[in-house]
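Q: Attaching a single structure in C-alpha cells format; questions to follow.
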Amino acid sequence: MQRRASIQDQDSPHSASSIIIYITQLLPFLTYPLPGWPPVVFTAAAINMSVAACCLKGFAWNGTPTGRVEQLTDRNQAYVTGNNTDIGVLVVHDLFGWTFPNIRLLADHIANEVGATVYVPDFFDGEVLPFNDILEEKFANLNIPAFMKRNSREAREPEIFACARALRSKHAKVGAVGYCYGAWAVFRLAAAEHQPPIVDCVSAGHPSLLVKEDIDGVRGSAVPVQILAPEIDPVYTAELKSYTFETLQKNAVPFEYQHFPGVAHACLVRGDERKPGEREAMAKGKTVLVSWFKLNLS
C-alpha cells in the first residue's frame, strides 16, 4: 500500500518551517510569501485537492500529434515538430508533462501556422501524472507534494535555461511559451539577467508558481511579453495580474495582455470544447499566440 503521510511526518527530511514555505507556493488561495503567519499543518490530501481545483483540470483533445522525438540536450528529450531552421519555439509544459496530447497538438499548430520548429522538452525526467486518475478526479491516488518536490522551480530552472540555449544555438530567432507550471519559466527566460537574451519573445498562459520577483526581473525592450489570462483564476490572481501590468509598464517592457472573460485557469490547453466559452477561448488563445510569434519572430 502506498504510504500517505502528513507533511509533519517524522520521517520527512524537511523541517516543518521549510515545508510551510513550500506550501505557500503551491496552494492556489494563498499568496507568496506569507510574513507573520503562524505554522499551519496541511495533510497531503488537502494539498492534492488544492492543486486539483485548477492546475489539474484535464480534458483531452482529439487528434494525433505528427512530430518526432529527439535528444535536445544531454538530459532532455523533446517532442519536435516542424523543420524551420530560422525560427525555433520552446514550449514549457504544465503538470501534465511533455507526452500530454494537447500540448503536442498545440505544438503542431504553432509549427504549421508560424512556420517554426517547435520543441516540447521533458522537464520531469520521464515522470508523468496518471491522466486517467485526473480525468476521473481520483486525486487521492496522486501524491502531488512529492511530485512537486521532485519538480520544483529550483530543480527545473537550470535545464529549462539549457534547453533555451540549445534552441538559440540552432535558430536565428527563438520564442518560448509556457502554460500553468510552465508559465513562471518563460518569465525567467525573459529576465534581463540573460545577456545577450536567450529568447526573443515569450508568452505566458495562466501562470502558476509565479512570484513578483519573476515579473520584476523582466526589464527593457529586448524580450516582449504576452500574457494570456483567463478571468477566473485563483492562482494568477487579480492582484498579481495588476502587478504584472503595472510592473511591465514601469520596466519599459513591450507587452500584450489578453483577457479571456468567463473562463477559468487551464482552459487554454485543457479546456472542454463542450462547455460554453471554452472552445472559443482555446481558439482565441491559439490564434493570438500564433500572431504574437509571427510579429516578433519573423
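Bear in mind these aren't lab numbers, they're just calculated from the coordinates by the rules spelled out. The structure displayed is predicted, hence computed values, not measured ones. Cβ: placed from backbone, ideal geometry, glycine included. Neighbour counts: every protein chain shown.
Q: Highest first, please rank the peptides 143-149, 89-95, 127-133 by the mean number of other Cβ atoms sitting within 10 Å of their residues. Can you show the working numbers first?
A: Numbers: 143-149: 17.1, 89-95: 27.0, 127-133: 13.3.
Those peptides, ordered most packed to least, come out 89-95, 143-149, 127-133.
Q: Something else now. For Gln77 and Lys294, what is the calculated FRET efficiency with R₀ set at 30 Å and r taken between the beta-carbons, to the nearest 0.05? Provide the component values of the computation, followed by the final result.
A: Details: r = 28 Å, r/R0 = 0.93.
Between Gln77 and Lys294 the formula returns 0.60.
Q: How big is D, in µm² s⁻¹, for the range 207-298 by Stokes-Einstein at 20 °C and 1.002 mPa s if Rh is the Kirkwood radius over C-alpha pairs?
A: In µm²/s, the coefficient rounds to 153.
Q: How much length is gained on full extension from Asp86 to Ala283, taking 0.36 nm per residue of separation minus their Cα-Cα distance?
A: 68.3 nm
Q: Between Glu231 and Glu113, what's the calculated FRET efficiency when r is the beta-carbon distance and R0 is 22 Å? Round to 0.05. Mind showing how you got there, number by number?
A: Values: r = 26 Å, r/R0 = 1.17.
The pair Glu231/Glu113 has a calculated efficiency of 0.30.
Q: Still on this structure, I have one more. Per 0.36 nm of contour for each residue apart, how much would the distance between Ala172 and Asn132 grow if the chain were fully extended, relative to their Cα-Cα spacing?
A: Using 0.36 nm per residue and subtracting the Cα-Cα distance, I get 10.4 nm.
Q: List the aspartates and glutamates whose Cα sits under 17 Å from the Cα of Lys250, skipping any in the same chain fewer than 8 residues away.
A: Straight-line reach from Lys250, under 17 Å: Glu213, Asp214, Asp216, Glu239.
Q: Using the Karplus curve 6.51 cos²θ - 1.76 cosθ + 1.60 with θ = phi - 60°, work out ³J(HN,Hα) for each residue of the range 247-263 in order, rounded to whole Hz, and write x for Gly and Pro.
A: For the range 247-263, the Karplus curve yields 6, 5, 4, 4, 8, 6, 9, x, 8, 10, 10, 10, 9, 10, x, x, 10 Hz.
Q: Please work out whether the range 51-297 counts as rounded, prolate or oblate from its C-alpha gyration tensor, where a ≥ b ≥ c are the square roots of the eigenvalues and a/c under 1.5 means rounded, while otherwise a/b larger than b/c means prolate and anything else oblate?
A: Note, shape of the range 51-297 comes out rounded.
Q: Shifting gears a bit: What residues have an amide H closer than 5 Å to that of Gln77, excluding those fewer than 5 places away on the same chain, when H is modeled at 1.01 Å from N in the peptide plane?
A: Under 5 Å from the amide H of Gln77: Leu72, Asp122.
Q: Determine the dipole magnitude for the range 51-297: charges of +1 sit on the beta-carbon of Lys and Arg, -1 on that of Asp and Glu, nothing else is charged, the reference point is the Cα centre, and the result goes in debye to the nearest 20.
A: Using only the charged Cβ atoms, the result is roughly 280 debye.
Q: Provide the per-residue ³J(HN,Hα) series for the range 281-288, in order, calculated from phi with Karplus coefficients 6.51, -1.76, 1.60 and θ = phi - 60°, each as a whole number of Hz, with x at glycine and proline positions.
A: Per-residue couplings from phi come out as 5, 4, 5, 5, x, 5, 5, 6 Hz.
Q: Separate question: Calculate, in nm to one decimal, what Asn151 and Ala192 gain on full extension: separation in residues at 0.36 nm each, minus their alpha carbon distance.
A: So the chain would gain 12.3 nm between Asn151 and Ala192.
Q: Residue by residue, what Karplus-based ³J(HN,Hα) values in Hz, rounded to whole numbers, does the range 66-72 have, using 6.51, -1.76 and 1.60 with θ = phi - 60° and x for Gly and Pro?
A: 10, x, 9, 10, 10, 8, 8
Q: Could I have the simple spin-label model distance between Thr64 and Ala140, label points 7 Å from Cα toward Cβ, reported in nm to one decimal?
A: It works out to 3.8 nm between the two label points.
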